[in-house]
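Asker: The structure under discussion is supplied below as structure tokens; questions concerning it will follow.
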Amino acid sequence: MGQDRQDLTRSATPVSMPDVFVPACLTPGTTAVIVVHNHPSGDPTPSADDAALTRRLQEAANILDLPLLDHLIVGEGERYYSFREAGRLSPVPSR
């Protein structure tokens, strides 16, 4: 009874690299990956956690030789943020 009420909103959700890449690796014909998530606030501006996730995604993609084409954050309406368009992803290697 003497406990403070905890904030039940979620500002970040952990992302498991196997959850992202195993389905891609098991799907015949997969040649690249695009990761998309939304910001329920409607503001697609990336957080520090989003930037860290993008670095982890890029590292995993490089190890698997599966290009990460983009990491997109979808906001309200037609607003979005593209890490590729912002120049925050390594160039995609030519095959």
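Asker: If each DSSP helix of 4+ residues adds -39,500 (n - 2.57) and the sum is divided by the residues in the chain, what number results at 222 nm, nearest 500 deg cm²/dmol?
Answerer: Calculated from helices alone, the mean residue ellipticity at 222 nm is -9000 deg cm²/dmol.
Asker: Please state the Cα pair-distance histogram of the chain with 10 angstrom bins from zero: what percent is in each bin?
Answerer: 14, 42, 28, 10, 4, 1, 0
Asker: Please give, to one decimal in nm, the separation of the simple spin-label points placed at Asp65 and Asp43, each 7 Å out from Cα toward the Cβ.
Answerer: With each label point 7 Å from Cα toward Cβ, the separation is 4.3 nm.
Asker: Give me, ordered by chain and number, the residues 5 or more places off Asn38 or on other chains with an amide H under 5 Å from its own placed amide H.
Answerer: Those qualifying (amide H under 5 Å, at least 5 residues apart or on another chain) are Val74.
Asker: Shifting gears a bit: What does the charge add up to near Gln58, with Lys and Arg as +1, Asp and Glu as -1, over the other residues with Cβ less than 12 Å from its Cβ?
Answerer: Summing Lys and Arg as +1 and Asp and Glu as -1 gives +2.
Readers should treat all values here as calculations from the given coordinates under stated rules, not as data from a laboratory. Treat the numbers as computed from the prediction; the structure is a model and nothing was measured. Virtual Cβ from ideal backbone geometry, glycine too; neighbours counted across all protein chains shown.
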